[in-house]
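Worksheet: the structure to be examined is printed underneath.
Every number here is computed from the coordinates shown, using simple stated rules; none is lab data. Just so it is clear, the structure is predicted and the values come from calculations on it, not from any experiment. Virtual Cβ from ideal backbone geometry, glycine too; neighbours counted across all protein chains shown.
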Amino acid sequence: MRTITTFLIALTIASSAFAQNNATKGAAAGAVAGALIGGHNHNKVAEGAIAGAIIGGLIGSAVDHQEQQ
């Protein structure tokens, strides 16, 4: 499970390098941060990565919205 999660996080980071919007970058950063935090809380890496990606994506989307105005 940890190998799959690590692979998915690396893939997200690699794909966000080509993206121009803040939502993708926020989701990638959130996934990494969430995985690190989840790994230190009873080895819940996948759950942390998912929650971090969702929250990071929402914050990045809000930033995109503000930049467009």
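Listed values for the range 57-63 are Karplus-derived 3J(HN,Hα) couplings in whole Hz (6.51 cos²θ - 1.76 cosθ + 1.60, θ = phi - 60°), namely x, 5, 5, x, 5, 5, 5, and x replaces Gly and Pro.
Determine, for each peptide in 42-49, 53-60, 27-34, the mean count of other beta carbons within 10 angstrom over its residues, then list the peptides with the highest first.
On the way: 42-49: 17.1, 53-60: 18.6, 27-34: 22.5.
For the peptides 42-49, 53-60, 27-34, the packing ranking is 27-34, 53-60, 42-49.
Between N21 and F7, the modelled label-to-label distance comes to 2.7 nm, taking each label 7 Å out from Cα in the direction of the beta carbon. Measuring how big the range 27-69 is from its alpha-carbon positions, Rg and Dmax come out at 11.9, 42 Å.
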